Amino acid sequence: MTVVVAHKWAPNPQEATVAPGGTVDLSRAKPAVSEYDPVAIEVGRRLADAWGCELVGVSVGGPEIAAPMARKAALSRGLDRLVVVADERLSGAGATPTAVALAQAVGEVEDVRVVLAGDSSVDEGAHLVPSVLAGLLGWPSLAEVADVTADGGALVVERAQGSGSQVVRVDGPAVLAVAADAAVPRVAGMKDILAAGKKPVVELPLAGELPAQPEVVGRAPVPLAERGRRRIDTTDPDAAARELVAALRADGVL
Amino acid sequence: MDFSLTDEQELLLESLRELLERSCSEEYMKECNEQHRYPEELVEALIESGFGMLGVPEEYGGTPVDTVTLMLVAEEICKQGGPHFVFGQALSIADMVEFGNDEQREQCMAEVMAGKPGFVLGFTEPQAGSDSSAIATTFTRRDGKVYINGHKTFMSNALRAKYMLCLARDAEAAGDAGKKAAFTMWWVPMDSPGVTVEPLSKIGWHMMDTCEVYLENVEIEEKDLVGVEGAGFMQLMANFEVERLLMAASMLGMAECAFGDAARYATQRVQFGRTIGSFQLIQEKITMMKLKIENMRNLVMRTAWKIDNGESVQVDSALAKLYCAQSCNEVIDDAMQILGGIGYTTDARVSRLWLDARVQRIGGGTDEVMIHIAGRTILKDYAV
């Protein structure tokens, strides 16, 4: 039995610059393991420890993902080994080609019980890759996963649904997109970082053709909402609180 | 010359930043400072992630790393607003690792691994600040026991430490001859009868206690001897150079922290219809602050590199400590000037840094002692 975590080597949003017009520039941001993926790795580590099995990372992208830094960064987070598909054709790839390459990498790992992924990638944020990957593998896909526990060989998955939650039991292999707050990822220490350089990495050539992806022909920032500019007189705190609550209710916030 | 960091160093600093983001927020630091509270949660987080034992030999549960890496970590903690004293156990416990017996080492390590100080360093005395050879605390042998008598001052962590590594003079050794050879290190449990601890009230460093410690007929055993009798002074001096460098690295981080706050503020604060950063007087400050920071970094990292390459750093570590202590204070003072009235309030962390930095020109060897150490050695090279 093996637990797999799909992760992305993406620009670090902490180093993004935002132009006055609201355009986000990630071109000079140093890459890192995509912001939400360490949560999936943490959940995967716990699951693998509960089952006493191996935790394998899979990552696909441009040639830069095969660099020692990218490998060590992921492996120091708690993965046992890594499978990467690094190919120029995957640089900036959209959800479908990415999922196709991931499916190839997952196919090379034996006895996969579950594939975990982060909520979304920090640069694209399409929320699509886990679902497309599940479709390609022919496995069920569950998103917004808040918790996963092992029940014998089965998975008990708690996921957000509307304003409530749902608990699902999964007996076969599945792809789970883990919510950003499902776990607090561990901080890698020097021992983990040094060990990461010694963990096995398999680099696979990209097999076959990738599906064509739609071309992005324009981008626009989310328009800023018009501010209400309503002022509440706080001379009487009780009245001010009532007025605030009423205003928030009227706007549908509460 | 290669100034780049290794992958491992970059990853370690990334991890550290992640940890500090979670466990060392500005609000948390402010709270600890106002309440004069040791930042236990931060220290626990550092221990849990292995940072607390960085640089400690593997056989004692640590992860050995080079001096450059230790300095990078010390710098980063302070750069993110953390206090300097939460890191560097590897250096502070080096005396015990090197000279302690198995039992003493075990006791020391148990404390460090629990996030507590391994010991309080019983060195400075009221009459023996810069003149460390004037130490008057004595040890006397009587009826098969050893008795310590004296008064130690400016004892960091004395309220929290379980042990003192106490430097004492042989009460039987008279006269000036062999002064330094009369000093011996002793391992003194702080809960021994005769030990009295009285906290000092300071203007800064509120997160860590600094105390007077009175030792009155404190009875210990022969087994509490640390290292070689009569070699205490030299044993203690062996680690001072790298400890000074650690202080310099922390000061570099403190200066960077203040600089970052001031530079950000200069791009936001509007006066006379323009950001204050657009005024040349502010740009001059920013430029000179940055220059000092770069100089500090070069001194610290080059000295660390020399240590890692087995070179002598007697002059380098004194220069680094001297320059970083003075420049750190200057940079933080300029940062406060840029922040204006806000910088003088406790809401701005620059005010805490301003108070905490001043003592760095005094502790761990004053500016004047650093000049003395460096000056006489530099001139030796030119003596004809």
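The values are calculated or read from the model by the stated rules, or taken from the named source; none is laboratory data. Keep in mind it's a predicted model, so treat the numbers as computed, not measured. Cβ placement follows ideal geometry from the backbone for every residue including glycine, while neighbour counts extend to all protein chains displayed.
Residue by residue, here is whether (1) closer than 22 Å to B:Gly88 by Cβ; (2) charged (D, E, K, R); (3) outside any strand (DSSP E or B) holds:
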site: B:Met164; (1), (2), (3): yes, no, no
site: B:Leu167; (1), (2), (3): yes, no, no
site: B:Thr184; (1), (2), (3): no, no, no
site: B:Ser192; (1), (2), (3): no, no, yes
site: B:Met207; (1), (2), (3): yes, no, yes
site: B:Glu216; (1), (2), (3): no, yes, no
site: B:Gly230; (1), (2), (3): no, no, yes
(request) Scan segment B:51-64 for residues that are among the aromatic types (Phe, Trp, Tyr) and more than 10 Å from every other protein chain (Cβ to nearest Cβ) and report the count. (result) 1
(request) Scan segment B:195-209 residue by residue and report those that are touching a Phe, Trp or Tyr at 6+ places or on another chain (Cβ under 9 Å), surrounded by fewer than 19 Cβ atoms within 10 Å (Cβ to Cβ) and of a type outside the set (A, V, I, L, M). (result) B:Thr196, B:Glu198, B:Gly204
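Residues of segment A:214-225 being closer than 19 Å to A:Pro20 by Cβ and either at pLDDT below 80 or hydrophobic (A, V, I, L, M, F, W, C) (or both), which ones? Reasoning before the result, please.
Within segment A:214-225, the first condition is being closer than 19 Å to A:Pro20 by Cβ, and the residues that meet it are A:218-225.
Those that are closer than 19 Å to A:Pro20 by Cβ and either at pLDDT below 80 or hydrophobic (A, V, I, L, M, F, W, C) (or both): A:Arg219, A:Ala220, A:Pro221, A:Val222, A:Pro223, A:Leu224, A:Ala225.
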(request) Please work out which residue is surrounded by the most Cβ atoms within 10 Å (Cβ to Cβ), limiting yourself to segment B:122-136 and to residues that are within 28 Å of B:Gly55 (Cα to Cα) and touching a residue at least 60 places away in the same chain (Cβ under 8 Å). (result) B:Gly122
(message) Go through (1) surrounded by 15 or more Cβ atoms within 10 Å (Cβ to Cβ); (2) more than 30 Å from A:Asp151 (Cα to Cα); (3) without any contact (Cβ under 8 Å) to a residue 60 or more places away in the chain; (4) charged (D, E, K, R) for A:Glu64 and report which single condition fails.
(response) (1)
(message) Looking at the structure I just gave you, is B:Leu16 of a type outside the set (Val, Ile, Thr) and in contact (Cβ under 8 Å) with a residue 60 or more places away in the chain?
(response) yes
(request) Identify, by number, the condition in (1) farther than 15 Å from A:Glu203 by Cβ; (2) in contact with a Pro (Cβ under 6 Å, 6 or more places away or on another chain) that A:Leu137 doesn't meet. (result) (2)
(request) Output the residues belonging to segment B:66-118 that are within 14 Å of another protein chain (Cβ to nearest Cβ) and aromatic (Phe, Trp, Tyr). (result) B:Phe87
(request) Among the residues of segment B:59-101, write down those that are in contact with a Cys (Cβ under 8 Å, 6 or more places away or on another chain), assigned to a helix (DSSP H, G or I) and at pLDDT 95 or above. (result) B:Ile77, B:Cys78, B:Lys79
(request) Scan segment B:278-337 for residues that are under 30 Å from B:Arg376 (Cβ atoms) and among the small types (Gly, Ala, Ser) and jot them down. (result) B:Ala304, B:Gly310, B:Ser312, B:Ser317, B:Ala318, B:Ala320, B:Ala325, B:Ser327
(message) Looking at B:Trp187 and the list (1) crowded, with 22+ Cβ neighbours inside 10 Å; (2) out of contact with any helix residue (DSSP H, G or I) (no Cβ under 7 Å at 6 or more places or on another chain), which single condition is not satisfied?
(response) (2)
(request) Go through segment A:181-227 and give me each residue that's surrounded by fewer than 14 Cβ atoms within 10 Å (Cβ to Cβ), within 22 Å of the chain's Cα centre (by Cα) and within 14 Å of chain B (Cβ to nearest Cβ). (result) A:Asp181, A:Val184
(message) Can you name every one of the helices (runs of 4 or more DSSP H) wholly within segment B:1-50 that holds 2 or more residues which are surrounded by fewer than 16 Cβ atoms within 10 Å (Cβ to Cβ), more than 9 Å from chain A (Cβ to nearest Cβ) and at pLDDT 95 or above?
(response) B:26-34
(message) For segment B:51-63, which positions are buried (at least 17 other Cβ atoms within 10 Å of the Cβ) and not hydrophobic (A, V, I, L, M, F, W, C)?
(response) B:Gly52, B:Gly55, B:Tyr60, B:Gly62, B:Thr63
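Let me confirm something: among B:Phe85, B:Phe139, B:Phe99, which residue is in contact (Cβ under 8 Å) with a residue 60 or more places away in the chain, over 20 Å from the mean Cα position of the chain (by Cα) and either at negative phi or surrounded by fewer than 23 Cβ atoms within 10 Å (Cβ to Cβ) (or both)? Before you say what the answer is, go through the steps one by one.
On the way: B:Phe85 fails: over 20 Å from the mean Cα position of the chain (by Cα); B:Phe139 fails: in contact (Cβ under 8 Å) with a residue 60 or more places away in the chain.
Criteria check complete, one pass: B:Phe99.
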(message) Show the residue pairs meeting these rules: Cβ distance below 7 Å; 6+ apart or different chains; first residue within segment A:79-97 and outside the structural domain of A:Pro200 (by TED's automatic domain parsing) and at negative phi; second residue surrounded by fewer than 19 Cβ atoms within 10 Å (Cβ to Cβ) and among the small types (Gly, Ala, Ser).
(response) none
(message) For segment B:232-268, which positions are in a helix (DSSP H, G or I), more than 20 Å from B:Gly340 (Cβ to Cβ) and not aliphatic (A, V, I, L, M)?
(response) B:Gly232, B:Phe233, B:Gln235, B:Phe240, B:Glu241, B:Glu243, B:Arg244, B:Ser250, B:Gly253, B:Glu256
(request) Just one of (1) within 29 Å of B:Pro57 (Cα to Cα); (2) touching an Asp or Glu at 6+ places or on another chain (Cβ under 9 Å); (3) among the aliphatic types (A, V, I, L, M); (4) modelled with pLDDT under 90 trips up B:Ala134, so point out which. (result) (1)
